Structure formats: C-alpha cells, structure tokens
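Report on the structure given below.
Just so it is clear, none of the values below were taken in a lab; they were calculated from the coordinates. Since this is a predicted model, take the numbers as computed values, not measurements. Cβ atoms come from the backbone with ideal geometry, glycine included; neighbour counts cover every protein chain shown.
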Amino acid sequence: DRGIHSSGLRGATGLTTYDPGFASTSSCRSDITYLNGEAGILRYRGYPIEQLAKSSNFLEVSYLLIFGELPTQSELDYFEQQITIHTLLHEDMRQFFDAFPKSAHPMAILSAATAGLSTFYQDHYDPKDERDVEVSIYRLMAKMPTIAAWSYKKSIGQAFIYPWNKLSYPANFLHMMFGVKAEPYEVDPEIAKALDLLYILHADHEQNASTTAVRLVGSTQVNMFAAIASGINALWGPLHGGANQAVLEMLAEIRDADGDTASFVARAKDKNDPFRLMGFGHRVYKNYDPRATIIKETADKVLRKLAPNDPLFEIAQELEEAALSDDYFIEKKLYPNVDFYSGLIYKALGLPTEMFTVMFAIGRLPGWIAQWKEMMSDPDTRIGRPRQIYTGAATREYVEIENR
Ligand code: ACO
C-alpha cells in the first residue's frame, strides 16, 4: 500500500538494495585507481603512489590519469604547452570576482566560476565531441589555478596577478597567489615541489563523494564544466575535502586550550559529544593512509624550513601519538588520513585556511576529469538514478486548507 511495485524494466524491479552511503555498492567499473584500504595500498593506473610521489610530477600524473598511460616526452610537452596557453581567464570573468562579497568562501567562487566557464565556451563543450572534450580538459586544468588564486586576491583586496607561463604549474600558482604587481615573485623551488607533491597525492581516490558527484551529474550528459563544478561543491564539506581546514581549526582550538590533547581525544570517544578528531578515520582505509605516510615526511621538511616553531605541528604529533595508542581508535581502525598533515603544510606555505580545500580541488581535478571521461566512454553508463525505500504515509485524502 506504499506504492511498491515491480515495473519489469531493466534494473527497475521491486527488489532493491538498501545501502546508506553506498558503502557496499560499486557504482561503476574503473581502470583508473586501485585502492586496498585494509592493506593501505594506492595505485594510479597500476603505478604505486609511492613511486609517483618520488619520481613523477603533477602534470605527468595528470596525463597518466586522464589518458591511461605515462606520456612520452613529446606527449608530455604537448600536454604542458596546451595547458600553458589556456591559463588566462576571459577578461569578462574578472567581473565575477568583483560581484562576490569580499568574505566569500573561495570554494564558492571556485565552483561558481568553474560552472561559469561553460558560458564562455558553449560552442565547444559537447561531451560527445572528442576535440571539445580535449580542449575542455586543457581549459579546466589551466584555468582552475588562476580562478583559485584570484579568489584569494579578491578576499585580501589585492590586484589580480596574471599567470606567468614560463613557470611550472605549481610555481605559477604560487606566483599568482603571492606575487604583487610591482615586482616579479620569486618562487622557492622547494616549496613549489612540496605543493606539486600534495597535488599528486590528491589527484585521484576512486569513487569518493566528489568523484561520485562528477560521475552522477556527468551521467546526465551535461558539459564537463558543470560536472566538475558539482565535484567542487561535494568536496567542500568538512567530512570530505573541507577536513584539512577543520584539522587546522581543531589544532588551534587545542592550542587555545593549553595544548590539552587528552581532553580532545576523550571528547572524540564520547558518543554523546558530536566532536570527532578531524583528520582521523576514512571510509575505505582501515590502515595507515599511504598518502599520510608520504605527506608526513614532507610536512617535517617544510615545517622545519618555514615554521620551525609552529606549536600546531607539535600538537599534531602529540595528537597522533595519543590517538594511535588509544584502544578506541585502534579498535575502530581510525588512522590519520591525508588531510591530517596537508593543512599544516598549506599553513606553512602561507595559505589561509579557507584556501586549503581549494588546494585539494586543484589536485583532484585530473582525477575528476579522468573519471568523467571513463564514464562517458563506458558502454554500460546509464543516467545515475538510485532507488529508495519509501517510508512515508500510505495514501491519504487531500484536506482543504480551511479544514486542516
Ligand atoms: N573521531 C572519532 N570517532 C570517529 C572518527 C573520528 N575522526 N571517525 C570515525 N569515528 C567513529 C564513528 O563515531 C563510528 O563509531 P561507532 O561505530 O561507535 O558508531 C565509527 O568510528 C565509524 O565511523 P563512520 O562515521 O561510520 O565511518 P564513515 O566511513 O562513515 O566515515 C569519515 C568516514 C567521514 C572520514 C569519518 O572517519 C570522519 O568523520 N572523520 C573525520 C573527518 C575527516 O577527517 N574527513 C576526511 C576524510 S579523508 C578525505 O576526504 C580526503
């Protein structure tokens, strides 16, 4: 009597699974990223993340994710050159930035401006046209850092800095973020390398919430800009990409409470307290997040160089030790995730907390693109349309407003 019926259509019978959070549902088949959460393994297109982090760079990893193979030198040169020539935003896009309030969260600007790109390229955004797809890939990869840096410049009231294309991808971003008009910005190559590494570690993570958003929205055959904008919105939340900002806020809170890490660990275990230790736990990793292991080393280096006396780093180390030796965290297999240390590095680089999730978005972009591209070319793809278990009222008679 609640309208449950069997229509007899493919995939639309009366029998459905109920799987909140899709924890046991594979929504697709994918060749892109292998993740074994029990063993703490992560590979992009078969290559271990440790090897890519050590020997590759972000644009090469982006090529690998998007096109499936490591590029030859000439393929990589072409890819980099195409990205380089698209870094400028259309001048009319400057008005977008003027229109937002100064206090706007940069993730809101990033998602709006990314969706807004579709208004400038509507003659070339057919998701089924190979050339349109290719040029949209270059445009997204090239323009996202410019949008991100300008959203920051807007928030501090400084002039926008145009891309300087002789710089590498991460160095160009740092130039647009921290450069001022009068003088060329000198990028520290070690810092640019640390940023590049963070991008690599974030580049893909199979069917997480934001990637699933990109695939689901993309399955309606909307243009790539719109699909990617939905990924940005999904990433924004504190349980996903927003966790790196939340980690820093939590560490500052602990510092302001005289560094009392024990009481915060106790709060995280208290089921009557909604507080969670930010940067701990993962839906898939029930072991150390391999990205956290790699990032911790970089955090050590960057922090020693840029912020040797940052009390937040010490608190982070204490917190990690306390949690790792606590029965609750051991039993629930809650280990530090990639966001636990990334925020500290971003802070040392001089990035404001609101920009942390934006950094994650720039890193995740090639993964979203690769997943969107794979979804579009998969003959099994159908519009995403989950079912539900209806729990509402059975049939009721309409009641006129004066009789309610
Ligand atoms: N602190 C304290 N307890 C926790 C934490 C935490 N950080 N994470 C999970 N738990 C507990 C839960 O309370 C739950 O306990 P219960 O079994 O007694 O109910 C159990 O561990 C399982 O947690 P779930 O929320 O069911 O796990 P889920 O897979 O749904 O959530 C998530 C994973 C969202 C990452 C969660 O661990 C969390 O909230 N962590 C903090 C936020 C965070 O760091 N997010 C970043 C994720 S990584 C990324 O996006 C790159």
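Simple rule: put +1 on each Lys or Arg Cβ and -1 on each Asp or Glu Cβ in the chain, find the dipole, and look at THR381, SER30, PHE225; the Cα lying farthest toward the positive end is THR381. Other residues whose C-beta falls under 12 angstrom from the C-beta of LEU365 contribute a net charge of +2, scoring Lys and Arg +1 and Asp and Glu -1. Our analysis of the range 125-220 gives Rg over Rh at 1.04, with the two radii drawn from alpha carbon positions and Rh computed by the Kirkwood formula. Only Cα pairs under 8 Å and 6+ residues apart enter the sum, and on that basis the relative contact order of the chain stands at 23 percent. Other residues lying with their Cβ under 15 Å from the Cβ of ARG131 contribute a combined charge of -3, Lys and Arg counting +1, Asp and Glu -1.
Exposed loop sites here mean GluC sites (Glu not before Pro) with a DSSP loop assignment and at most 15 other beta-carbon atoms within 10 Å; the chain contains its longest site-free run at 187-396.
Once both labels are positioned 7 Å from their Cα atoms along Cα-to-Cβ, the gap between ARG382 and ILE156 label points is 5.1 nm. Helices of the chain meeting both criteria, an alpha-carbon length of 27 angstrom or more along the long axis and an average Kyte-Doolittle score not below -0.5, with helices taken as full DSSP H segments, are 130-156, 356-377. For Cα pairs less than 8 Å apart in space and 6+ apart in sequence, what is the mean separation divided by the residue count of the range 78-172, i.e. the relative contact order in percent? Relative contact order of the range 78-172: 41 percent. Computed over the range 254-404, relative contact order equals 26 percent, with contacts defined as Cα pairs under 8 Å that lie 6+ residues apart. Distance from the C-alpha centroid of the range 217-244 to that of the range 281-308: 25 Å, rounded to the whole angstrom.
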